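Here is the structure we will look at, set down as structure tokens.
Since every read-out is calculated from the coordinates, none of them should be taken as a lab result. Because the structure is predicted, anything quoted here is derived from the model rather than measured. Counting neighbours? That spans all protein chains shown, and the Cβs are built from the backbone with ideal geometry, glycine included.
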Amino acid sequence: MKAHTLKLLLPVIAITVQNNTAWLILSPYLQHLQFPVATIGSLIALSPVFSLVSRLPSGLAYRQDRARVLIAMGMVTTGICNVLYSTATSSLIFALVHGVNGFAYGAVTTLYMASYVDSLPVGENRSHAMGYYVGSLAVGYATGNFLSGYLADLFGYSVTFYIAAFLSLLSVPFIWVLGGAESQETVQNRGTWTVKPRFRDSLSAALNPKMVVVVVVALFLNFLNQVGGVFFPLYGLSVGLTLTQVGVIRALYSMCNAITRPLSGLVVNRFGHRRLSYAGLVIQSVLMASAPFFTSFAPLVAVFLAAGFLRAVAIVGNAVGLVQDVDESKIPRGVASGIYNAAGDLGNISGPILGGLIASITGVAGLFIAAPLGATVLFLVIIWMLQRRK
């Protein structure tokens with residue numbers, strides 16, 4: 001990794017730490033307010049819904065020279081929303097705050113991913129660079145999850161939301177100081193673009209056959225991640241774990257991602273990104289389905305560590321597919337970033353909503369069996385259909 005690339009990764013960590021410090025405790029917080037489990041899933045899904053709405057507009061608005069200003073504005077907005085969570089005791093207020101937060105976070109992550117790729121130094125291996133990027137996301141997830149569970153047990157929900165807001169504002173200097181300029185390679189590629197980034201062109205780009213595969217994998221990976229992220233705290237509390245223990249499990253899950261993702265670039269280059277993304281997703285589903293058979297801390301740590309490893313391999317494989325398979329001369333970087341992140345948002349939306357509905361029928365433990373295995377079957381059917389069409 002070049003030193004300039006490392007500098008670009010620090011804001012990624014800062015952005016994800018603040019987000020996950022608030023995110024982990026949202027479902028226990030709503031349960032504390034005595035909302036039904038199906039309602040909890042639907043309310044939490046509002047954030048990725050609004051993130052999805054923000055993806056293409058922010059991708060179309062992206063320009064490297066104004067990216068830092070827009071990203072900083074988005075982070076200030078998330079900080080305000082994190083403070084307002086502590087006052088959101090009705091479903092309507094929570095929906096408004098959570099929706100605005102989701103829109104801002106979606107715009108921030110779309111803009112920064114595009115800025116990161118455009119700022120990579122000449123000679124940096126892009127496959128490895130995407131492994132570093134998604135690995136840095138996992139470092140932020142791990143840190144935020146651990147802080148969230150520990151702080152909530154120690155100080156309660158409101159103080160944890162205030163600390164998340166402070167972290168949001170603290171990330172702004174990182175973004176402002178460490179944001180990069182366009183590389184010479186990016187400037188040269190812009191001259192080869194055959195279309196200007198318009199909304200209509202973005203829709204056409206989303207139907208590109210190679211982009212469709214990336215979209216499908218991202219959607220199902222995020223669906224599985226959201227089922228675990230939103231409902232595992234409820235399962236953990238139901239079997240006697242503390243929020244600190246839940247936070248540790250989620251932090252180790254993310255840390256496994258953080259360690260594995262940068263190294264996965266080497267494995268992906270050897271075995272092929274598409275093969276590994278498919279296999280990683282399927283095996284991760286099987287591991288998640290085994291979680292309800294364990295009720296103590298240590299076995300659940302083992303299950304989620306293994307699931308984290310497989311998720312890391314699958315995410316890196318899919319991110320490499322985005323960089324290698326999608327033609328930058330036909331799909332500008334900001335548009336590709338918007339589509340890729342929008343696919344993840346669809347998984348983030350469907351995970352809490354469908355998970356909440358399934359849990360209301362099967363219980364939270366049954367959800368961890370029905371949702372991963374059902375998603376795996378549907379994923380394999382869709383991939384088979386895409387291959388036949390190809």
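In which sequence would ASP65, ASP345, ASP118 go, from the one with the fewest C-beta neighbours within 10 Å to the one with the most?
Working: ASP65 8, ASP345 26, ASP118 23.
Ordered by Cβ neighbours within 10 Å, fewest first: ASP65, ASP118, ASP345.
Tell me, how many Å apart are the Cα centres for region 39-73 and for region 150-166?
Between the Cα centres of region 39-73 and region 150-166 lies a distance of 24 Å.
Order by neighbour count: SER360, SER285, fewest other Cβ atoms within 10 Å first, most last.
Working: SER360 16, SER285 23.
Starting with the residue having the fewest Cβ neighbours, the order is SER360, SER285.
Apply 1/(1 + (r/R0)^6) to the Cβ-Cβ distance of ASN125 and ALA279, taking R0 = 30 Å, and write down the FRET efficiency to the nearest 0.05. Can you show the working numbers first?
Numbers: r = 23 Å, r/R0 = 0.77.
Efficiency for this residue pair is about 0.85.
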